[in-house]
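To keep things clear, I will list the structure first and then write my remarks on it.
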Amino acid sequence: MSHRSLAVMALGIGILVAGCQQPADPNGRAAANPEKYTRDRSLCQGQVDEYMHSRRRIDDASAGTFANDTDRSGRDGLSNQMANYSDSRNADKFMASCMEARGWPQAQKSWWQKIGG
């Protein structure tokens, strides 16, 4: 093998190993200032709860308008489960976004963690 191909292989292995390492604890600052972290988290949780509540009211009103007879008789459990899962994922995203806006960076997930749940 040539020196160039060995260098490319070493670079590839280095990138692979660096990509597999877990990021440092982004909330390590929370230990340094727990009161501010708790206050910011509480404020963000209130904002997320309010937003999700209003979003759920709008979604329920829309679903009630376009519901057919099978929906009204309670045979649509799957759509409720899907809506609850979506709400949970969206609430997590909004919470992370709010905390980042307040100066608390969130841990970055690898691509396989983002799509897996």
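No lab work stands behind these numbers, since they all come straight from the coordinates. Owing to the predicted nature of the structure, the values given are computational and were not obtained by experimental measurement. No Cβ is skipped: glycine too gets one built from the backbone with ideal geometry, and neighbour counts run over all protein chains shown.
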key: Most to least packed among 102-108, 44-50 [average Cβ atoms within 10 Å]   = 44-50, 102-108
ask   = In sequence order, what are the phi-derived ³J(HN,Hα) couplings for region 98-115 according to the Karplus relation 6.51 cos²θ - 1.76 cosθ + 1.60 with θ = phi - 60°, rounded to whole Hz, with x for glycine and proline?
value = 5, 5, 5, 5, 8, x, 10, x, 9, 5, 7, 8, 6, 4, 6, 6, 5, 8
